[in-house]
1. Using a simple spin-label model with points 7 Å from Cα along the Cα→Cβ vector, what separation in nm is obtained for A:R35 and B:R233?
2. Using the basic label-point model (7 angstrom from Cα toward the beta carbon), what is the B:T210 to A:V13 distance in nanometres?
3. What is the distance, in nm, between label points placed 7 Å from the Cα along the Cα-to-Cβ direction at A:A132 and at B:E256?
4. For the A and B pair, go ahead and give the buried accessible area with a 1.4 Å probe, both sides summed, in Å² to 100.
Amino acid sequence: MDDGEMREELSQVQDNLLTARAQTGDREAFGELYRRYLPPVLRFLTFRVASRNDAEDLAGLVFYRAWQALPRYREQEAGFRAWVYRIARNSVIDYYRTSRNHASLDESWAGAIMADSANDPDTHIVAEEVRAGLSRLPEEQQTVLVLRFVEGLSHAEVAEAVGKSEGACRMIQLRALKALARAMGEGR
Amino acid sequence: MKAKANLDLALEQCLLALARGESVEACLKRFPQWRAQLEPELRAAQAMREAGHIGPEPGQVERIWSSVSARIDEEQRSTVTSGRLVRYLRRDRSEDWSQPPRRFDMSAIAATVALLITLLGGGGMVYAAQDALPGQPLYQVREAIEAARVRLSASEQAQLQVRLELAEERLSEAEQAMNREGRQDASTALQAYTEQMTRAGELAQGLKGTPQEARVRETILERVNEHIALLQRLQDRLHERDEAAEGMQRAVEQAEALRERWQARNGQEEPGVQSGPEEAAPEGTPGLTPPGSPEQQGMISRAASAARRSRFRHSPPASRSNLRPSPGLRPARPCCRA
């Protein structure tokens, strides 16, 4: 086990302890889980919905839903992180099914993210290219790619988040990466 | 085929190398024969990694936490409101015995609430709740409405009819969930289906020896045969034995057990060629085992344990299927599209 794997395991143990505390209604423990996972969840949502405001609203909803669902959370191999991504993914699907007036990428997301002074402009240009390419892929492929390459989840965690087997997720990843490369190539 | 497998393997190895911090160029040098194919995909993967460096803007973490906290506070402030009812109903589903025992008959409260909502002009909410799925805010309202539908039915035959309709709605939801690869949702729906069919079987017991018995028997057999055919088709589509497949297997067993009992009652006739609705079974014909018998208890126990395993979570909404008339009882909602 290298340092990275050790850090990952320690982090998961901490998550389990925090989750157990949060399940008893400990708001402070839930707040710590929130602080750990808001940035990646928000990033995931930013890549998946049309506007940054929508991503922020959805992020709040995801953590509220996580709080509500905590009593039914059972410790699992993939851990809290995969579980909260699963809620986030379901929330994105619900967002596209229930809302009809979402702003398009061109109107909002790109401009907003470029105006964000907290991040490196070069990163934003790359992010914009990725976001544009991703938007042409099916929902499931988008989810797998973002979780694997933007968020760095393992195959097991991605499988837990999308509710499929690891083997199926690997196949989706291969197909999705080919499709994204094609889409980004066409966009240049 | 072999070349493609090798290419996929090379891509997999390069992706692992990128994750360890290796450059795209270094990866490509290891597989010069695949350079043209690998390069665009590796560049796309690398771009995604770089895009991952975007973080929240200043103040965003605190702002979102404020909204989450406000929602939690609002939920916890509620006293004798739907929030409290929702928590009671959830406790009932999960059978969490660490919670204090309930002091009220929640199904009666649910029925009253549903009735009040309707009487006080909540028709729009009731209508909207009809399409709610597990995990959605209106799902508890939907459950209350369904419980009320059963409780307010004028007769046992009417209750049986409602149970069959609810079972078919669950089956329809399972089919829709399978169509969109939502196996978790399908599993949840199948457990609810099993629960409803068990209740329907219990109600059918109460009709033994009544004039409606033959008609009810024919209807149930017809429905159960349709259910089995649909479940088999769905099962064929499952390639892995996951949670949904287990739920599916339980549902198939449940439906087959019900069919066997009705066939035994009907003198081993083949399904689909049952005697007419007016032809009552002779006195003393073996039928469904009594509710207290080991067989019936086993069936109920399986369904109850399936229901206990049921976990409700947020899921995307699904559209409802159309109605299909069915002989015997009044027209029912169809569940089984070929």
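The values are calculated or read from the model by the stated rules, or taken from the named source; none is laboratory data. Computed from a predicted structure; not experimentally measured. Positions of Cβ are generated from backbone atoms using ideal geometry, with glycine treated the same way; all protein chains shown enter the neighbour counts. In case anyone asks, the SASA skips ligands and DNA or RNA and just uses the protein heavy atoms, side chains included. Shrake-Rupley method; radii C 1.70, N 1.55, O 1.52, S 1.80 Å.
1. My value for the distance between the label points is 5.4 nm.
2. 6.2 nm
3. Here the answer is 5.6 nm between the modelled labels.
4. The A and B chains share an interface burying roughly 4600 Å².
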